[in-house]
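The values are calculated or read from the model by the stated rules, or taken from the named source; none is laboratory data. Note that the structure is predicted; figures quoted are calculated from it, not measured. Counting neighbours? That spans all protein chains shown, and the Cβs are built from the backbone with ideal geometry, glycine included. Ligands, DNA and RNA are excluded from the accessible area calculation, which covers all protein heavy atoms including side chains. Shrake-Rupley method; radii C 1.70, N 1.55, O 1.52, S 1.80 Å.
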Amino acid sequence: MILANVFCFLFFLDETLRSLASPSSLQGPELHGWRPPVDCVRANELCAAESNCSSRYRTLRQCLAGRDRNTMLANKECQAALEVLQESPLYDCRCKRGMKKELQCLQIYWSIHLGLTEGEEFYEASPYEPVTSRLSDIFRLASIFSGTGADPAVSAKSNHCLDAAKACNLNDNCKKLRSSYISICNREISPTERCNRRKCHKALRQFFDRVPSEYTYRMLFCSCQDQACAERRRQTILPSCSYEDKEKPNCLDLRSVCRTDHLCRSRLADFHANCRASYQTLTSCPADNYQACLGSYAGMIGFDMTPNYVDSSPTGIVVSPWCSCRGSGNMEEECEKFLRDFTENPCLRNAIQAFGNGTDVNLSPKSPSFQVTQAPRVEKTPSLPDDLSDSTSLGTSVITTCTSVQEQGLKANNSKELSMCFTELTTNIIPGSKKVIKPNSGPCRARPSAALTAVSFLMLKLAL
């Protein structure tokens, strides 16, 4: 009889512990700090509908006006407003690049996050939703047009950047917007003013934001085998108007000017988030995502921080904004570090080379657990003629894919000529934060069995 009561008690205890360890029990305070982000325009509407949030938001904007962070936090009312807003949808909101109200969205984002940063940060978090899709489909198209996998004799005669321009002309939208920025950026204002840079930048932004990546990326990142092709690639953005100037400003000064504009600041932060060299991945790119890096690079064109190829070398890929580190004083080390993120960036270099060769990392990205920006639908264009004659007879280099390495039984390495095979890490990092969630971890997991064993042992001792 005693043993029967003991077993009934243990069954009840087991069911109780199982319910406590279930995922539904973790939907309380433990996961309260991670909310699915919404775009900042929608978050602002939600905040405006709640009196406490809307009043605190108005208070915070008044606190940030003309004050630095330390002065703002010294005010108890400002600090209280910031603490309340950290629990609102505004804190986790993000924006979509090219969205209808992008500037308004970014203004809302920075109105919150500028109050959270301590002074001038070297790297800022991106206000844009993370990119989880890949460029594999576009890479395959680039491979077809660039001749990778085709007859080597035909491929050697091709100028891939010229092919890209012809492909653009076959698409009405691409042709229209490309013709527009070429006309504006080549229009001389006066003998001393060669163009209207502000209008040129605006036309370039419209081109890269509204034309599908299938066309824009092929013009920016086409692979070249001779100097004529590389010079055409360098001239894509009409650098004499959009890029070059009489003198090169200091890079840190240029960064400061960029950060006074919400759009430029956001695009620069996005570039650092997606192209910052990582030594924990095989491709040197965050999350081994070439698409995110190339998209962030293209997103900076048409702003004060516009980058471009520094020369027309077909073999070396070096890009940079129009700036130098002369006159940096005691900030020279920080300036050089900032400049190296462009000129000596292995992630960006590998992404450009991979695109030019029509290859991508053989990796299936995980399905995100939050809303993300959907990649635009790619419109295919017909093939172009191959009888172009302004390239040399050098062969196109082909990056060995992960599949071919495995089929040949060879050991993959992390050289520039080979694409890598690897297994995804099992540690997830919540985008936009420094929190790390390990699979099957949690304060209420992995303990029921131990507790059950201990209680069972005690009850049996009492029964005996």
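If you take the residues in region 323-346 that are open to solvent by 10 Å² or more (accessible area, probe 1.4 Å) and within 22 Å of the chain's Cα centre (by Cα), which one is farthest from L252 (Cα to Cα)? So that I can check it myself, show each step before the final result.
Going through region 323-346, the residues open to solvent by 10 Å² or more (accessible area, probe 1.4 Å) turn out to be 324-334, 336-337, 339-341, 343-344, 346.
With the extra rule that they be within 22 Å of the chain's Cα centre (by Cα), the set shrinks to 337, 339-341, 343-344, 346.
Details: K337: 10, L339: 9, R340: 13, D341: 13, T343: 15, E344: 17, P346: 22 Å.
Restricting to residues being open to solvent by 10 Å² or more (accessible area, probe 1.4 Å) and within 22 Å of the chain's Cα centre (by Cα), the top hit is P346.
Is it true that T283 is closer than 24 Å to E333 by Cβ, of a type in the set (V, I, T) and either assigned by the TED database to the domain that holds P307 or touching a strand residue (DSSP E or B) at 6+ places or on another chain (Cβ under 8 Å) (or both)?
On the way: closer than 24 Å to E333 by Cβ: no; of a type in the set (V, I, T): yes; either assigned by the TED database to the domain that holds P307 or touching a strand residue (DSSP E or B) at 6+ places or on another chain (Cβ under 8 Å) (or both): yes.
When the stated conditions are applied, T283 does not pass them.
Out of S88, S25, S51, which single residue is at pLDDT 55 or above and surrounded by 12 or more Cβ atoms within 10 Å (Cβ to Cβ)?
Just a single option satisfies the conditions, and that option is S88.
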*Give region 274-299 a look and list any residue that's buried (at least 22 other Cβ atoms within 10 Å of the Cβ), in a loop (DSSP other than H, G, I, E, B) and hydrophobic (A, V, I, L, M, F, W, C), or say none.*
C285
_Residue selected from region 300-319 under the condition open to solvent by 10 Å² or more (accessible area, probe 1.4 Å) and of a type in the set (S, T, N, Q), by the criterion farthest from Y181 (Cα to Cα)_ = T315
*Within region 300-312, can one find any residue that is aliphatic (A, V, I, L, M) and part of a helix (DSSP H, G or I)?*
no
*Sort out which residues of region 220-238 are over 19 Å from L294 (Cβ atoms), open to solvent by less than 40 Å² (accessible area, probe 1.4 Å) and not hydrophobic (A, V, I, L, M, F, W, C), and write them in order of number.*
Q225, D226
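Here is a yes/no grid of residues against (1) in a helix (DSSP H, G or I); (2) under 26 Å from the mean Cα position of the chain (by Cα); (3) at pLDDT 95 or above:
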position: E214; (1), (2), (3): yes, yes, no
position: R218; (1), (2), (3): yes, yes, no
position: C222; (1), (2), (3): no, yes, no
position: R233; (1), (2), (3): yes, yes, yes
position: E247; (1), (2), (3): no, no, no
position: L252; (1), (2), (3): yes, yes, yes
position: R255; (1), (2), (3): yes, yes, yes
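Do we have any residue at all in region 162-179 that's assigned to a helix (DSSP H, G or I), acidic (D, E) and open to solvent by less than 10 Å² (accessible area, probe 1.4 Å)?
Filtering region 162-179 for residues assigned to a helix (DSSP H, G or I) gives 162-169, 172-179.
When the remaining residues are screened for being acidic (D, E), the result is 163, 172.
Subset that is open to solvent by less than 10 Å² (accessible area, probe 1.4 Å): 163.
Checked against the condition, which is being assigned to a helix (DSSP H, G or I), acidic (D, E) and open to solvent by less than 10 Å² (accessible area, probe 1.4 Å), region 162-179 yields at least one hit.
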